[in-house]
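Working notes, structure below.
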Amino acid sequence: MKKLKMGMVGGGSGALIGAVHRRAALMDGEIEFAAGALSSTKEKALASGRDLGLPEERNYASWEEMLESELGLPEQQRIDFVSVVTPNHLHFPVAHAFAEAGFNVVLDKPMVHTSEQAQRLVEEVEKTSVVFAVTYNYSGYPMVKQARHMVQKGELGEIRKVIVEYNQGWLATKLEDSGAKQAEWRTDPARSGIAGAVGDIGSHAENLVSTITGLEISEICADLTTFVEGRRLDDDANLLIHYTNGAKGVLIASQVSAGEENDLHIRVYGTEGGLEWRQEEPNHLISKPMGAPAQVLKRGNDYLCEEAKRASRLPPGHPEAFIEAFANVYMSVGAAIRARQEQAEPDELLRNFPCVYDGARGVHFIEKTVESSRSTQKWLDARWRAAGRHRQTL
């Protein structure tokens, strides 16, 4: 199988998430890192590309140069997709330009700053039919896929309540004043957007609920707080949520929960039972059928659904986690790109990945959360009324 050629914008020297994306994309041997514009400054971009072994002719000083040069190549020599791993404020101009030019796009979350930008991306994707993914990477965990399967099959009955928490402690102090790059841009409204913790990790929590349950938000009551004095964006969020089917939800997103590391934790309860999953113990899913003992389902076993098994690479008892979940998103995106190129249907088990509609809904969620917190109104209508409400399939 001919490898797909990946270009990358952002993710140069010292960038955590760029390295994660590269390792994940290349994990299964079906993608190669072929081109990049890896920093916002020419010198750092070129130096990062050389450090990572990019050929000189495809080591670009800027994303604009990369787009122009790739378009100038014969179609079969161009990159097959671009992975955009910049700070948030660059997501829209880069992703829109590449999608408009007909390139498939993988974009980090949150997708863009505003719903207006999100709608423009939706329209461009619908116009060009490019494959467009947003890396809500937690959707790639095998046991998240198993949880979704159980909900879809009705094993929990009708969903009544969802509690999702994402607790971190790394911003419990004013880390942005210490020169920490990741803290600096995430707490800067010009680069991060209108939200802090809600945009950075609350968006993951919202997507995890949507991925597992398929529930749609109808109303929210949000309380955002900035605990660290002098910080310009929220660092703690507490939401009550009403879903369109009548279910109730609680969403917590905090980056000042001292002592916590990366505690993304979801509990779903229906009329027939419940389930529980923690990102820090990702290979286990707790099933709680009503009137029966709780069961611990484990990754890699034959009793799991086919999609969960397909998302595993190792036998039971060999832990798989964060990078493998990212790799599953890239594996699905790669299958969709190949299907588009060959004008064929992708593998049924690889059809689902977070797409432009998920990204647009996530931006809408962030905006409505901020609006709710600023309002004196108890409940705010937060329905997402975009035409597309599905994952991208070909």
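A full extension of the chain between Glu32 and Glu261 corresponds to an added length of 79.2 nm, given 0.36 nm per residue minus the alpha carbon distance. Rolling a 1.4 Å probe over the protein heavy atoms leaves Leu71 with an accessible area of roughly 70 Å².
Here the label points at Phe322 and Ser13, each 7 Å from Cα along the C-beta direction, are separated by 2.3 nm in the simple model. Calculated mean residue ellipticity, 222 nm, the chain: -10000 deg cm²/dmol, from DSSP H runs (n ≥ 4) at -39500 (n - 2.57) each, averaged per residue and rounded to 500. Summing Lys and Arg as +1 and Asp and Glu as -1 over all other residues whose Cβ lies under 12 Å from the Cβ of Ser62 gives a net charge of -2. What does the C-alpha gyration tensor say about the overall shape of the range 10-94? Classify as rounded when a/c is under 1.5, otherwise prolate if a/b is larger than b/c, or oblate. Here the range 10-94 falls in the rounded category. Heavy atoms of the protein chains alone define the surface here; on that basis the chain has 42 Å² accessible area per residue at 1.4 Å probe size. Take the Cα of Asn245, step 7 Å toward its Cβ, do the same at Gln295, and the gap between the two points is 2.0 nm. Anything over 20 Å Cα to Cα? Flag those among Lys109/Lys368; Lys5/Lys309; Lys109/Lys248, in the order listed. Those over the limit are Lys5/Lys309; Lys109/Lys248.
Can you bin the range 1-147 into rounded, prolate or oblate? Criterion: square roots of the alpha carbon gyration tensor eigenvalues sorted a ≥ b ≥ c, rounded for a/c under 1.5, prolate for a/b above b/c, oblate for the rest. Note, shape of the range 1-147 comes out rounded.
Residues Glu176, Glu367, sorted by accessible area with the largest first, give Glu367, Glu176 [1.4 Å probe; ligands and nucleic acids excluded]. Karplus-derived 3J(HN,Hα) values for the range 15-24, using 6.51 cos²θ - 1.76 cosθ + 1.60 with θ = phi - 60°, are 8, 4, 6, x, 5, 4, 4, 5, 4, 5 Hz; glycine and proline are entered as x. Between Thr376 and Asp177, the simple spin-label model (points 7 angstrom out along Cα→Cβ) gives 3.4 nm. Ordered from highest to lowest accessible area with the whole protein assembly present and a 1.4 Å probe, Met27, Met8 read as Met27, Met8.
For Asp177, the accessible surface of its heavy atoms amounts to roughly 110 Å² (probe 1.4 Å, protein chains only, rounded to the nearest 10). For His284, the accessible surface of its heavy atoms amounts to roughly 80 Å² (probe 1.4 Å, protein chains only, rounded to the nearest 10). Rolling a 1.4 angstrom probe over the chain with all protein chains present gives an accessible area of which 49% lies on carbon and sulfur atoms.
Count Lys and Arg as plus one, Asp and Glu as minus one, and take only other residues whose Cβ is under 10 Å from that of Asp177; the net charge is then 0.
The values are calculated or read from the model by the stated rules, or taken from the named source; none is laboratory data. Given the structure is predicted, the values throughout are model-derived calculations rather than measurements. We place every Cβ from the backbone using ideal geometry, glycine too, and count neighbours over all the protein chains shown. These area figures cover heavy atoms from the full protein model, side chains too; ligands, DNA and RNA do not enter into them. Shrake-Rupley method; radii C 1.70, N 1.55, O 1.52, S 1.80 Å.
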